[in-house]
Amino acid sequence: MALPSYSLRDPNGMYTFSSRPRPVEIRSKYREPAPEQTQRQYGNIMYDRRVVRGNTFAQHPIPRTDQSDPAKQQAFKRRAIARRQARVHLRTKSPEALQGRQHVDVQTELYLEELSNVIEATDTECQTDEFLDKPATPLFIPAKSGVDAGTQIEEGELFDFDLEVQPVLEVLVGKTIEQSLLEVMEEEELACLRTQQRIFQELRNNELAEVQRLQEQERRRREEKVLRVAQQKEALKKERETAEKIAAQAFSQQYLAGLLPSVFTSLKNHGYFYDPVEKDIEVNFLPWLMAEVNDQLKKRFVARELLDTIIYEVSQKRLEEFNRLETRQDSSDP
């Protein structure tokens, strides 16, 4: 609420202005949303938006609100503030940085720009002509007019220090106490913030540990699942191979049930199946026996030929002797 001010003009034509003292506005230390303010009462038409100045083609349109209904204006402002706060809450923000890390601004434009704290500066000099100093402007002394008058003011009639200083002291003391209370409340708020931050950090560390535990548990379950699936696949593969082998064996047995006798008979007829004793006699004993018999026969044949030769020679010798004897007898007989 604005304090009343007083302006008056004295009989001599001098204009004076006075206003009651008021305390300084208290500004909060932290940024807060703009409070709902009442409609600003313009006291100067130069700052009134309803007054058009300059070219009318670029004038700003005045919102169609009922200036005489403050309830509608308050509702409109509340809706505007609610929409602005909703946009602030819905705006996507970057997540908080992890412990020991910090966010860094990165350029995402198509063409990168070199950023530097060095400001390029150039020195330029210009020489101007010398000018004489302007002489001091004489004080304006208005012409004296009117009639001089005087009066006597006794002590305490115009200004009572004890009475006039009381509001100032009340304001100073109240401001000091209020500032002290604000500082104490700020310290308590900072302590509460530190406590909440410590509690939040502990909760965050616990949640991180729980998340790591859950991730490790999920990893172990996933690995165990993969292992179990591999084992099940291997078991199914072995079972399928065993079934295929059993089926092949049954089919081969069924197929070979009538084939084996004929095959064995054919092989036996062609001499692929034989008696090992008979085979040994035919391969080893009989050739050796024949060789021995041949050797014996050859020896007998040689012996017979030798005996025949001896008998022949002996017979020839006997024959020759008999012939000589006959010749001798014939010659002895006259």
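If you go through the range 240-257 one residue at a time, do you hit one that is of a type in the set (A, V, I, L, M), at pLDDT below 80 and in a helix (DSSP H, G or I)?
yes
Do the conditions hold for VAL118, that is, is it farther than 30 Å from ARG204 by Cα, surrounded by 10 or more Cβ atoms within 10 Å (Cβ to Cβ) and among the aliphatic types (A, V, I, L, M)?
no
Could you list, ordered by first residue, the pairs with Cβ atoms under 6 Å in which the first is in the range 83-106 and over 22 Å from ARG204 (Cα atoms) and the second is loosely packed, with under 10 Cβ neighbours inside 10 Å and among the aromatic types (Phe, Trp, Tyr), at least 6 apart or interchain?
That search, which allows pairs on different chains as well, returns nothing.
Quick one: how many residues across the range 82-111 are among the hydrophobic types (A, V, I, L, M, F, W, C), over 30 Å from LEU208 (Cα atoms) and either open to solvent by less than 100 Å² (accessible area, probe 1.4 Å) or assigned to a helix (DSSP H, G or I) (or both)?
Residues flagged as among the hydrophobic types (A, V, I, L, M, F, W, C), over 30 Å from LEU208 (Cα atoms) and either open to solvent by less than 100 Å² (accessible area, probe 1.4 Å) or assigned to a helix (DSSP H, G or I) (or both) within the range 82-111 amount to 2.
Looking at the range 167-182, is at least one residue within 47 Å of the chain's Cα centre (by Cα) and surrounded by 10 or more Cβ atoms within 10 Å (Cβ to Cβ)?
yes
Condition first: part of a loop (DSSP other than H, G, I, E, B) and of a type in the set (A, V, I, L, M, F, W, C). Now tell me which residues in the range 140-179 satisfy that.
Listed by number, the residues that qualify are PHE140, ILE141, ALA143, VAL147, ALA149, ILE153, LEU158, PHE159.
Need the failing condition index for LEU236 against (1) under 30 Å from GLU96 (Cα atoms); (2) of a type in the set (A, V, I, L, M); (3) open to solvent by less than 90 Å² (accessible area, probe 1.4 Å), just the number.
(1)
The values are calculated or read from the model by the stated rules, or taken from the named source; none is laboratory data. None of the values given here were measured: they were computed from a predicted structure. So basically every Cβ, Gly included, is an ideal-geometry build from the backbone, and we count neighbours across all protein chains shown. What goes into the accessible areas is simple: the full protein's heavy atoms, side chains included, and nothing from ligands, DNA or RNA. Shrake-Rupley method; radii C 1.70, N 1.55, O 1.52, S 1.80 Å.
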